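Here is the structure we will look at, set down as structure tokens.
The values are calculated or read from the model by the stated rules, or taken from the named source; none is laboratory data. This structure is a prediction, so every number in the text was calculated from the model and none was measured. Every residue, glycine among them, receives a Cβ derived from its backbone with ideal geometry; neighbour counts consider all protein chains shown.
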Amino acid sequence: MTEQAYTSRQVIAITEVTNRQLAYWRKTGLILPSQFTPGGHARYSFTDIIAVKAAKQLIDAGVSVQRLRKSITALTRLLPNLHTPLSELSLVATGDVVLIFHQGAAFEALSGQEWILPIAQLQRNIAQRMKTDDDDRQTELFPELTEKHATQQSNIQKAV
């Protein structure tokens, strides 16, 4: 079964981009249609439509076409298994910064810099560190309690 192909006019109606935008993106290689008819007319796949819609949303959110183009180029270097980053990834624009969400990580498209700080893990690490510090302080202040506790633990293990 062949995937449905959409004309430029259908893509424009679906994505609300202008004919001029779509033609420019095709001409400059930002978003290329998956196929062409024997007469040279562009035909877009559903995946192509997702890419067009994503590009439009990013541009509407303030990302420049140049920044978008650089981001796509950087993404294909960072994630070489991707063929169409705009349709395969979750992207978020914050001003002129494009954040990518991929396999549980968030990173900036151009630099690859990770943007997620695992707060829960940090909290667990701090709690563990505080417990270790408290145990160390208790050992320093009351060494006889630590020895007594160790003896009690040893006796319990022998009894079991």
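Which of the residues that make up the range 77-112 are surrounded by 14 or more Cβ atoms within 10 Å (Cβ to Cβ) and of a type in the set (S, T, N, Q)? Selection gives Thr84, Ser87. Of the residues screened, Lys27 is one that is assigned to a helix (DSSP H, G or I) and without any contact (Cβ under 8 Å) to a residue 40 or more places away in the chain. Note on the range 26-64: residues that are out of contact with any helix residue (DSSP H, G or I) (no Cβ under 7 Å at 6 or more places or on another chain) and either at negative phi or not assigned by TED's automatic domain parsing to the domain that holds Leu86 (or both) amount to 18. A single member of Arg26, Arg69 is closer than 20 Å to Leu110 by Cα and among the charged types (D, E, K, R), and it is Arg69.
So that you can scan it fast, the table gives a plain yes or no per residue for (1) basic (Lys, Arg); (2) more than 15 Å from Pro85 (Cβ to Cβ):
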| position | (1), (2) |
| --- | --- |
| Ala13 | no, yes |
| Thr18 | no, yes |
| Ala23 | no, yes |
| Thr28 | no, yes |
| Leu32 | no, no |
| Thr37 | no, yes |
| Arg43 | yes, yes |
| Phe46 | no, yes |
| Lys53 | yes, no |
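Per-residue answers, yes or no, for (1) acidic (Asp, Glu); (2) touching a strand residue (DSSP E or B) at 6+ places or on another chain (Cβ under 9 Å); (3) loosely packed, with under 11 Cβ neighbours inside 10 Å; (4) within 20 Å of Arg69 (Cα to Cα):
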| residue | (1), (2), (3), (4) |
| --- | --- |
| Thr7 | no, yes, no, no |
| Ile14 | no, yes, no, no |
| Arg20 | no, no, yes, yes |
| Trp25 | no, no, no, yes |
| Ile31 | no, yes, no, yes |
| Ser34 | no, yes, no, yes |
| Arg43 | no, yes, no, no |
| Thr47 | no, no, no, yes |
| Ile50 | no, no, no, yes |
